[in-house]
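Structure, as structure tokens:
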């Protein structure tokens, strides 16, 4: 009981910190989701919850064969950028295939491996992991290659809305001193160290996309896989705690990666912990996706009421072969934050369907 009291006291202390670079409304929020993970959810038809729903079946052909592992969807310039099977495809909002973006290879205009990506009016920017950032135009052709700061052991690059970038270092050994570099072009603007060190385990676990960033109209944020806190990245290269996700007994402790016993298991299943992914923020709502064992949950946190709600949003009548048990759980938010974006893989192996939901 004393440990829990101390833990909550620390959280409340963190949440009381004011950020001089933020609006007065931007304080730290404690988001409690344990009841939702145990099944406390509201069942609502999606067409009653949403203002507008669009189902977009993606056109496929012999050279564009998408599988169920769609790792990224970006809605920008009235186009859909789809990352799948290590390649990037461009579709229009009717689902018609337009072109591929760039190509994989060792050439100067090719990318070796697809890390994180972002898109804006200038084009599609790819974190060619641990090497450089490749930019391709909307015509699919290479435009430029931007080096990243060298000799920094950067594992992944995150893109911020103001042109800054975060070079994130996974603490694989448990002893890494530096957590991230914040840079623009090749100039390092600031550094953030790891606050803790851990005893390394027998296995060194590397995770894909261990850190995730997202933006609102006024700020940039990031969350690490092994941290309950969503941080705002301030203009002076500091981290300010914006939301703390309290998953209760389903929390994944920071040092869990060093104590994974069986590599055949996923870390979250072995620890019976919730894997929490950030979807985005729109109109004082923080949208989360949490997976516990094999069950996914869609969570909305309302900053005005201070309440987190789990939603089961059933699909309206449609002509697609979705699994009957599936409900709408968004994975991404559009760059203009107008749409929540999900997708379904049809059971009859027909084209994957993108779902755009406007609130």
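Observations, loosely collected:
- Which listed residue is over 17 Å from the mean Cα position of the chain (by Cα), at pLDDT 95 or above and surrounded by 16 or more Cβ atoms within 10 Å (Cβ to Cβ), from 136, 221: 136
- Scan region 68-92 for residues that are assigned to a loop (DSSP other than H, G, I, E, B) and touching a residue at least 60 places away in the same chain (Cβ under 8 Å) and the total you get is 2.
- When 252, 286 are screened for being surrounded by 20 or more Cβ atoms within 10 Å (Cβ to Cβ), touching a residue at least 24 places away in the same chain (Cβ under 8 Å) and assigned to a strand (DSSP E or B), only 286 passes.
One line per residue, one yes/no per condition, for (1) modelled with pLDDT of 95 or more; (2) within 22 Å of residue 95 (Cβ to Cβ):
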site: 307; (1), (2): yes, no
site: 313; (1), (2): yes, yes
site: 323; (1), (2): no, yes
site: 332; (1), (2): yes, yes
site: 335; (1), (2): no, yes
site: 342; (1), (2): yes, yes
site: 345; (1), (2): no, yes
site: 348; (1), (2): no, yes
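- Number of residues in region 25-65 that are at pLDDT below 95, in a loop (DSSP other than H, G, I, E, B) and within 30 Å of residue 89 (Cα to Cα) equals 6.
- Residue match in region 147-157 (condition: part of a strand (DSSP E or B), surrounded by fewer than 16 Cβ atoms within 10 Å (Cβ to Cβ), more than 16 Å from the chain's Cα centre (by Cα) and at pLDDT below 95): yes
- In region 189-210, the qualifying residues are those that are modelled with pLDDT under 95 and touching a strand residue (DSSP E or B) at 6+ places or on another chain (Cβ under 9 Å), and the one that is farthest from residue 278 (Cα to Cα) is 195.
- Looking only at region 58-67, and only at residues there that are surrounded by 17 or more Cβ atoms within 10 Å (Cβ to Cβ) and in contact (Cβ under 8 Å) with a residue 40 or more places away in the chain, the one that is farthest from residue 102 (Cα to Cα): 58
- Scan region 159-191 for residues that are surrounded by fewer than 18 Cβ atoms within 10 Å (Cβ to Cβ) and within 13 Å of residue 238 (Cα to Cα) and the total you get is 3.
- Given (1) touching a residue at least 24 places away in the same chain (Cβ under 8 Å); (2) loosely packed, with under 14 Cβ neighbours inside 10 Å; (3) farther than 19 Å from residue 47 by Cβ, index of the condition residue 316 fails: (3)
- Within region 296-310, the set of residues being touching a helix residue (DSSP H, G or I) at 6+ places or on another chain (Cβ under 7 Å) and under 24 Å from residue 54 (Cα atoms) comprises 297, 299, 310.
- Region 182-214 - residue that is without any contact (Cβ under 8 Å) to a residue 24 or more places away in the chain and assigned to a loop (DSSP other than H, G, I, E, B) and, of those, farthest from residue 170 (Cα to Cα): 202
- Test: residue in region 235-242 that is crowded, with 17+ Cβ neighbours inside 10 Å, at pLDDT below 95 and touching a helix residue (DSSP H, G or I) at 6+ places or on another chain (Cβ under 6 Å): no
- Positions within region 304-352 being over 20 Å from the mean Cα position of the chain (by Cα) and part of a strand (DSSP E or B), in sequence order: 307, 312, 313, 314
- Flag if residue 96 is under 25 Å from residue 158 (Cβ atoms) and at pLDDT 90 or above: no
- Residue 271 in contact with a helix residue (DSSP H, G or I) (Cβ under 9 Å, 6 or more places away or on another chain) and surrounded by fewer than 16 Cβ atoms within 10 Å (Cβ to Cβ): no
- Region 211-246, residues that are out of contact with any strand residue (DSSP E or B) (no Cβ under 9 Å at 6 or more places or on another chain) and under 19 Å from residue 190 (Cα atoms): 235
- Failed condition for residue 298, given (1) under 28 Å from residue 228 (Cβ atoms); (2) touching a residue at least 24 places away in the same chain (Cβ under 8 Å); (3) not in a strand (DSSP E or B): (3)
The values are calculated or read from the model by the stated rules, or taken from the named source; none is laboratory data. It should be emphasised that the depicted structure is a prediction, and the values quoted were computed from it without experimental measurement. Quick reminder, even Gly has a Cβ in these numbers, built from the backbone with ideal geometry, and neighbours come from all protein chains shown.
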